[in-house]
Amino acid sequence: MAGLAKSFGSGAMTNSIDEIAGNDLIFVIGSNPTENHPVIGAKMKRTVKNGTKLIVADPRRIELAEYADIVIQQKPGTDIALLNSMMNVIIEEGLEDTEFIEEHTENYEELKKIVSFYPPEKAEEITGVPADTIREAARLYASQDKSAIYYAMGITQHKSGTENVTSITSLAMLTGNVGRKSTGVNPLRGQSNVQGACDLGALANVYPGYQSVTDPDMKDKFEKAWGVEGLSDEVGLTVVEMFRAIDENKIKALYIMGENPALSDPDQGHIEAALEKVEFLVVQDIFMTETAEYADVVLPAACFAEKNGTFTNTDRRIQKVNKAVEAPGEAKADWEIICELSNKMGYEMDYNSTEEIMEEIAELTPIYGGVHYDRLDKEKIQWPCRDREDKGTQYLHKGGFIRGKGKFYPSHHIPSIEKADEEYEFIMMTGRMLYHYHTGTMTRNSQPIDEHVPDAYVEINAEDAEKMGIKNGDRVKIGSRRGEIETNAEIVETVQPGQIFMPFHFAESPANRLTMDELDPEAKIPELKVTAVKLQKT
Amino acid sequence: MKEIIIDGNSYKFDPGQTVLEVARGNDIDIPTLCYSEHLSITGACRMCLVENKENGSLETACTLPARDGLEVETDNDKIYDARKTVLDLILSDHPMTCMTCEANGDCQLQDLAYQFDIEESSYGSKKEDRFELEERNSFIVYDPDKCILCGKCVRADSELQCSDAIEFSERGFKTKVAAAFDEGLGGEDSSCVFCGLCVENCPTAALSYKPARKKGREYELRKQRTTCGYCGVGCQVELNIKGNEVIKVDSVYDDTAPNPDGEMCVKGRFAYGFIDSPDRLKYPLIKKDGEFVESSWDEALDYIADNLSRIRDEHGGREIGALSSARCTNEENYIMQKFMRAVMKTNSVEHCARL
Amino acid sequence: MKEYTAIKELPYYEELDFYKKQKRIVLQNCGLIDPEKIDDYIEKKGYQAAAKAITQMKSKEIIEEVKKSGLRGRGGGGFPTGLKWQFAKDAEGEKKYIVCNADEGDPGAFMDRSLLEGDPHKLLEGMMIAAYAIDADEGYIYVRAEYPLAIRRLKKAISQAEELGLLGENIFGTEFNFKIHIKEGAGAFVCGEETALMASIEGKRGTPTSRPPYPAQSGLWGKPTNINNVETYANIPFIIDNGAEEFNKFGTENSSGTKVFALTGKIKNTGLVEVPMGLSLRDIIYDIGGGITDDKGFKAVQTGGPSGGCIPAEQLDLKIDYDSLKEIGAMMGSGGMVVMDEDTCMVDVARFFLTFTQSESCGKCTPCRLGTKRMLEILERITEGEGKKGDIEKLEQLGKVIKEASLCGLGQTAPNPVLTTIKYFRDEYEAHINDKKCPAGQCDALKGSYVIDEDHCIGCGQCKTVCPADAITGKKQKAHTIDPEACISCGACAEVCPVNAISN
Ligand SMILES: Cc1cc2nc3c(=O)[nH]c(=O)nc-3n(C[C@H](O)[C@H](O)[C@H](O)COP(=O)(O)O)c2cc1C
Ligand code: FES
């Protein structure tokens, strides 16, 4: 979310799910809502059925494309060129919102300069999208009163993820589509509490509420509040950096709570080696995951139905998680386990309930300052919510950006690291699908779901399949520079020739054995959407 | 001020409100089967008939707009006779199998039959099934013989989920709700995504959740609202529990939720089986000689504390890292980062937001 | 009119008995002009009314004129047309539609078809005037696909009108634009109901929707829409041309003008008749229709299509208009008129009509879907000799609820044939149920065994020879007898009896 924070001053969805109904235009790019955020996908369809315009830009022809006014199938990894070109058209045709630009933004001249290099004809060469389609999309987006952009991993999981996002924020600012109801730039979060994990400081550079660890005032504040001394003022390591650090003997112990990097993280071979190598590994989870197998100690955790707490959803809404059933055996809530461990290590963490923890959070985290359990049962609370009187914030940047002025961060097209070549003829994209979730620990252990979609698969374009003599259901081998896996072929029209798509939920055909851990240098998100692979019938 | 007269009393109303809405808002009971405040209005079942005193005609309260000076009666012999006849007709085409029916105790038709005191239809009850049971998918069982054609499933599907997977087919007495080419919800050409909204909206057991069949009656179930544990939309859901097992997941209808009309997806609705999976981790495990061995919490935590302390003291906290989780609660993420920062003195605490 | 002298030389209608009491406004040109020639129509003062309306009249004036004329919807409901136009005119909206209902689903009806095939321009002209009056710029004609000739002629008429600039942009040099599309109906009877019809034009399932909102507020694609029947529109040019007063000269106080009926059944002259409202049934059946076939006795006439009512002989002098028919439980409908003679079983007639409406129910609302089914089951039982005490009361009670509680006109009228036959011929029902007899001798299951009148029997023995069940005994020249147990009621004996001594 680095790109969003850079441009606007906050990295969260600017607007709300409830506002989709008010959109005049929905621009979905690098996101497949009907599969990955189905309730949002349905809301979009509902709005479009009532007359809202829809532009869908995705290398795959996703389901929403069936409802779209304009469908764009850009080549994977060419989003910047596409967005630059749309902005080029908007500026060329005088469709920009000059007033908004003057009043609320900076660095506009730089944007103008860079996008001038991307007339639609040139962009067509890079993106494969017809120049006229780019023009139409630009005009449609710019001509509506309330245009909103929705994106997800298709934008961020690239080496150029940050620049992809800043290109999106530029487009929105250029047309004044931020800071108003039913507009905005809206990243859709993939997991139940990604937003909350970020908000509460599970990030190497910030304390809860995005308060910088390098800021001495913050260090001071948290030292006092927590009654400790010597908090580190050095930015910590991110996930992929941690695994590299293990390689380099710079990390000796790893404590993993509720994650399964052995399957979810790129370049699996490398991850496995690191898990093997790290001196001391603790895994706390609800199942014996692929990652847990490597642990020195495995701790049984309660799942969401077995504990109390809160989640913060993709539109910054804080909602309660309530205990419904008892955890199996001696499994405990994650927070209880950490507290007990901390107590054993001599640092007292004595909370009687999660509500007490939230009270502490509210005290130390300005954007959660008004979040209290008794309010959550009755009110819709979206952060920032600074105190008890604050009703929360449905959409951000009203009347001005959090960072003061919104900043254009234009970028030239950044080619992906890998390209298709003679040996690795295909570009593989990875992603999710409706029926399964993440590494499958939950869905694959739920009988009707697993019965409905039991097997992994790879989507192959019908033309390619015919050329290679591959039929629906055939076993195929997919190899990259990092590894090789086998799975079943699913012949589709929705991916373009030369591209394949593979969901990463399945341990028996782990897509991430093939991906690379090359990072976006700012957001530290790996490039999972563009991997060069070879494909073979077994 | 605009006012409508219901059963002799005046009531204020908002523009656009129907007689049914005004009545319900004032605790006047009008029976309905095809009405839902979350769906468009079709006036199909005809249970909500009221008498328009202007001309003595019967009109459906759910479709009748409130207007100034309109006078209606909601309860008199004529209305009762019409409603009872309608109900009697519905029951004449409904199997009297309440004993074993999934919806027993949670069936609007049963409730109305009780209210109107109809033990068996005066036209005789339905003796033979007219349709085939459809259960060729993993999630939803469809028994068209129990369908009263209120059409709520069709509307929920097309207006909320927007899948357009089911429609009415055939006409008249032969009408039934069907998926594409009548091949079932799981059929080749079906666009059903198994969100379960149709089941949620079904007033009888024409549609029921397959995994929940024979698992418990409505009145045996405990309900707990919570937030769905899957994607970031944060749908509010209602877990139905029997004993210590989640049996099914119902919708929650709340304007403060991101899914105010009870919208859900297949994961939120059906992927709860893992909670009760026999493969769940139940006890702490310590790896000894390459094998996991069950241990007590004390032993496991001591072991961890010792090792972490040792590494921290030998190499410094920066050689310890932690992955917190996008699937854990806010409080847990807070505790984890606090632990890493305050106890380990490192900022290397992350989660997989970037994946 | 050059080459069609032959047509002009048809005998004068007025000279024929059949036509004496008729008054032709709607069918005025039918049979007299070549429907495929717009010039023919123009020669008969065609499009004059449209020219007058569009170039000289304000829409308010037109609507006033139509209101004054007292014209009521000929599609069945009889709603005042001027008022309907007023609603559509007053409705807010940039875009408005005109729809013509030419679905004509009543079995045996062909009034609209005759007009579409015989004088399509009259309809176009009526629609143009309506469009101008309510500010619509687009129209649809919904015709049943079973009328290929009508569709062809309409298409031709539209393209001819377009060529002459009578349809299209800036009609008569004014700001007024109007185009007409043809939509072929799939054939379900209920698609003639206006809301179902519009759903069908929109490509949705043709089922009625609840009103309000009325089409005038929210019709085709949610836009204000005026929908009228073919015959309704066909009256408009006359009204504009000749003025409301002239139109008012025909008909009764509350039902002005003429009505086209399709006369069928046991009647000598069958066919389309156009008569002024207020003529008596007797005038139509005996003077125009020439009386009952084979000069049998009149029993009843059913008006208004499959869900009309059966009117008994006592009511033959009823002056027919919208209100008088409604009062006695029948209806105008689209103008079907089926005459029945003394041999008709009224229970069977009720069953017959209900079979049609029941099978055409769209299935959306409970009373119509299940109520008509249960009513039909009871009627079937009665005609099969399995009627029970209480059946008549049940039919009456159920019929009343179906009428009151159904969503659309189909259910609201479907019980009419049953209720009117019970009302006027209750004794026939009772005979079926209590005595297990069909007085008209039509219901197979109730035909009793045959008996020989001993006083008349001449003992010829022919009956004995033909009886397939060997049920007849008797000596030559002596009176024969039939064993009622063995008799299968085939009637062969009665047929051969030379002295008509056998009956059942
Ligand atoms: C079941 C049913 C069938 C109908 N069929 C026809 C039809 O075939 N033709 C027609 O003009 N009106 C038909 N109507 C009446 C229309 O709903 C509507 O009243 C009529 O088109 C209005 O035009 P009018 O005001 O000119 O009569 C039918 C109504 C019902 C309830
Ligand atoms: S609730 Fe009004 S008709 Fe069904």
- Message: Probe radius 1.4 Å, ligands and nucleic acids left out: can you give me the accessible area buried at the C-B interface, summed over both chains, in Å² to the nearest hundred?
- Response: 2400 Å²
- Complex-versus-alone comparison for segment A:244-288, residues with a loss of 40 Å² or more in accessible area, probe 1.4 Å: A:Lys252, A:Ala253, A:Tyr255, A:Met257, A:Glu259, A:Glu279, A:Phe280, A:Ile286, A:Phe287, A:Met288
- Message: Viscosity 1.306 mPa s, temperature 10 °C: give me the Stokes-Einstein translational D for segment B:180-233 in µm²/s, with Rh taken as the Kirkwood radius over C-alpha pairs.
- Response: 114 µm²/s
- Query: What net charge is computed for the residues neighbouring C:Ser359, neighbours being all others with C-beta under 12 Å from the C-beta of C:Ser359, Lys and Arg scored +1, Asp and Glu -1?
  - Reply: +2
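Need one number: buried accessible surface between chains A and B, 1.4 Å probe, both sides summed, DNA, RNA and ligands left out, in Å² to 100. Present the calculation step by step, with values, prior to reporting the outcome.
Values: alone 23380 and 20730 Å², together 32730 Å².
Chains A and B together bury approximately 11400 Å².
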- Summing +1 for each Lys or Arg and -1 for each Asp or Glu, what net charge is found among the other residues whose Cβ lies under 12 Å from the Cβ of C:Ile129? -2
- Item | Debye intensity ratio in log₁₀ form over the Cα atoms of segment C:187-250, taken at each q of 0.18, 0.24 Å⁻¹ | -0.71, -0.92
- Return the whole-Å distance between the Cα centroid of segment B:227-246 and the Cα centroid of segment C:426-450. 66 Å
- Note on the structure: Taking the chain alone as reference and the full protein assembly as comparison, with a 1.4 Å probe on protein heavy atoms only, the residues of segment C:393-435 that lose at least 40 Å² of accessible area are C:Lys394, C:Gln397, C:Val401, C:Glu404, C:Ala405
- Query: Can you flag which of C:Lys37/C:Lys122; A:Lys181/A:Lys405; B:Lys176/C:Lys388; C:Lys373/C:Lys394; C:Lys96/C:Lys259 are past 21 Å Cα-Cα?
  - Reply: B:Lys176/C:Lys388; C:Lys96/C:Lys259
- Query: Got a number for carbon plus sulfur as a percent of segment C:448-504's accessible area, 1.4 Å probe?
  - Reply: 48 percent
- Query: How much accessible surface area, in Å² rounded to 10, belongs to the heavy atoms of C:Cys362 with a 1.4 Å probe?
  - Reply: 10 Å²
- With a 1.4 angstrom probe the carbon and sulfur portion of accessible area for chain B, in percent, totals 45 percent
- Task: Kindly work out what percent of the DSSP beta bridges joining two residues of chain C are antiparallel, to the nearest 5.
- Result: 50 percent
- Task: Taking every pair of alpha-carbon atoms in the protein assembly as shown, give the share separated by more than 53 Å as a whole percent.
- Result: 42 percent
- Query: Accessible area, 1.4 Å probe, largest first: how do B:Val233, A:Val48 sort?
  - Reply: A:Val48, B:Val233
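Given the Cα atoms of segment C:346-434, and with Rh set as the inverse mean 1/r over their pairs in the Kirkwood sense, what is Rg to Rh to two decimals? List each step's numbers first, then the result.
Values: Rg = 11.9 Å, Rh = 12.5 Å.
Result for segment C:346-434 is an Rg/Rh of 0.95.
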- Between the alpha carbon centres of segment A:100-168 and segment B:16-92 the gap in Å comes to 53 Å
- Item | Considering only segment A:194-382, percent of DSSP beta bridges that pair antiparallel, nearest 5 | 45 percent
- Task: For helix C:391-405, report the angle its Cα long axis makes with the longest principal axis of the Cα atoms of chain C; keep it between 0 and 90° and round to the nearest 10°.
- Result: 10 degrees
- Task: Leaving ligands, DNA and RNA out of it, rank A:Ile485, C:Ile488 by accessible area with a 1.4 Å probe, largest first.
- Result: C:Ile488, A:Ile485
- Heavy atoms only, probe 1.4 Å: what % of the accessible area of segment A:2-188 goes to carbon and sulfur, would you let me know? 43 percent
- Message: Restricting to Cα pairs below 8 Å that are 6+ residues apart, what does the relative contact order work out to for chain C? Please round to a whole percent.
- Response: 13 percent
- Task: Count charges around A:Gly399 for me, please; just the other residues with Cβ under 12 Å from its Cβ, Lys/Arg as +1, Asp/Glu as -1.
- Result: +1
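Roughly what % antiparallel, to the nearest 5, for the DSSP beta bridges in the protein assembly as shown?
55 percent
What pairs in A:Lys75/A:Lys534; C:Lys21/C:Lys45; B:Lys267/B:Lys287 have C-alpha atoms more than 27 Å from each other? The partial results should precede the final answer.
Numbers: A:Lys75/A:Lys534 18 Å; C:Lys21/C:Lys45 25 Å; B:Lys267/B:Lys287 34 Å.
Checking Cα-Cα distances, B:Lys267/B:Lys287 exceed 27 Å.
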- Expressed in square angstrom to the nearest 10, the accessible area of B:Glu170 with a 1.4 Å probe stands at 110 Å²
- Task: Using a 1.4 Å probe on the heavy atoms of the protein chains only, list every residue of segment B:172-194 that has 40 Å² or more less accessible area in the complete assembly than in its chain alone.
- Result: B:Gly172, B:Phe173
- Message: Just to make sure I understand: if all protein chains stay in place, what is the order of C:Lys389, A:Lys529, A:Lys534 by accessible area at 1.4 Å, largest first?
- Response: C:Lys389, A:Lys534, A:Lys529
- State in Å² the accessible area per residue of the protein assembly as shown; use a 1.4 Å probe, count heavy atoms of protein chains only, and round to the nearest integer. 38 Å²
- Task: Could you state the angle between the C-alpha long axis of helix C:230-248 and the longest principal axis of the C-alpha atoms of chain C, as a value from 0 to 90 degrees rounded to the nearest 10?
- Result: 70 degrees
- Kindly state, to the nearest 0.05, the FRET efficiency for B:Lys127 paired with C:Asp323, given R0 = 45 Å and r defined as their beta-carbon distance. 0.50
- Over the whole of A:223-229, what's the average partner chain Cβ count within 10 Å per residue? Rounded to a whole number, please. 2
- Item | Coordinate range along principal axes, alpha carbons of segment B:217-280, Å, largest first | 34, 28, 15
- How far is the Cα center of segment A:492-538 from the Cα center of segment A:3-44, in Å? 24 Å
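The values are calculated or read from the model by the stated rules, or taken from the named source; none is laboratory data. Since we're looking at a predicted model, the values are computed, not measured. Every residue, glycine among them, receives a Cβ derived from its backbone with ideal geometry; neighbour counts consider all protein chains shown. Remember, those area values only see protein heavy atoms, side chains included, never the ligands or the DNA or RNA. Shrake-Rupley method; radii C 1.70, N 1.55, O 1.52, S 1.80 Å.
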